[in-house]
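To start, the structure itself, in structure tokens.
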Amino acid sequence: KVISVDPKVSEKKENVLQVIASKKHQILDWIQELYPKEFTRKVRFEWSDNLLNMLFSSYLNALIGTISKELKWDYSKTVRQFLAFDGYFSGEMNCTLVIDEYYKFTSYRLRTLELYPDTLRVSFSIDEYKTLCNDYQNEANEYQKNKPRKDFDFKGGAATKRALYDTLMDMKPLSNGLNPTLRLHEYELVKINSRDSLKKLIDCRLNHKKET
């Protein structure tokens, strides 16, 4: 059975999130079946923490610095955590996987994307992601809007921190010899109804990555 969800349905948020999680689980199951040798689910790396370090190139380090100031990141209050990717593809693919749920397309994520230079290697269309943020930021900003974080101690802090983490998940792999992070988003995955259609989407995204 194919699980489908419209992120804009008016059900209770808890039920919507459960359905979204089920769809994501199904997608990850299919990826595991399509790439049984290459794909590993839910991975962390020694370098995939939330701290700034000398592994960054000066170019990426400067970019992260600019974005962190834009988001008002209080680095002095940051506690080390390891960022978990949804998966990792080994071999020639050599890239991490992130699946973006609707609540990631916030005004804060938009601010980070607006600072991405054209020369940054990514596997997704930055313009498409900007459009999704513009279209859905009002709804996305509502999710956990009253939950600040120690290093983002203000209204919208949780969402701002997610935007920062997504930025780190785009850039840290590049600093550690991986190909650009493969991103798939909820608004395209709701249309996926078979393993074949999922593989076509992944192949298309990987081809985009090779062209950037």
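If you go through region 61-74 one residue at a time, how many are part of a helix (DSSP H, G or I), out of contact with any Lys or Arg (no Cβ under 6 Å at 6 or more places or on another chain) and either surrounded by 14 or more Cβ atoms within 10 Å (Cβ to Cβ) or modelled with pLDDT under 90 (or both)? Reasoning before the result, please.
Residues of region 61-74 part of a helix (DSSP H, G or I): 61-70.
From what's left, out of contact with any Lys or Arg (no Cβ under 6 Å at 6 or more places or on another chain): 61-69.
Now drop any that are not either surrounded by 14 or more Cβ atoms within 10 Å (Cβ to Cβ) or modelled with pLDDT under 90 (or both), which leaves 61-65, 67-68.
Qualifying residue count for the region: 7.
Among (1) under 14 Å from F85 (Cβ atoms); (2) among the basic types (K, R); (3) modelled with pLDDT of 95 or more, there is one condition K172 misses while meeting the rest; what is its number?
Unmet condition: (3).
Say we look at region 40-60 and pick out the residues that are farther than 25 Å from A158 by Cβ and in a helix (DSSP H, G or I); which of these is nearest to the chain's Cα centre (by Cα)?
Result: Y59.
For region 92-117, give me each residue that is farther than 14 Å from P180 by Cα and either in contact with a Pro (Cβ under 7 Å, 6 or more places away or on another chain) or assigned to a loop (DSSP other than H, G, I, E, B) (or both).
E101, Y102, F105, T106, L115, P117
Just for region 143-190: of the residues that are touching a Ser or Thr at 6+ places or on another chain (Cβ under 7 Å) and part of a strand (DSSP E or B), which one is surrounded by the most Cβ atoms within 10 Å (Cβ to Cβ)?
In this case the residue turns out to be L182.
Taking G157 as meeting all but one of (1) under 18 Å from K24 (Cα atoms); (2) free of Cβ contacts under 8 Å to residues at least 24 places away in the same chain, write down the number of the exception.
Here G157 meets the rest and fails (1).
The values are calculated or read from the model by the stated rules, or taken from the named source; none is laboratory data. What you see is a predicted model, and the numbers here were worked out from it, not measured in a lab. Reconstructed Cβ throughout: ideal geometry from the backbone, glycine too, with neighbour counts over all protein chains shown.
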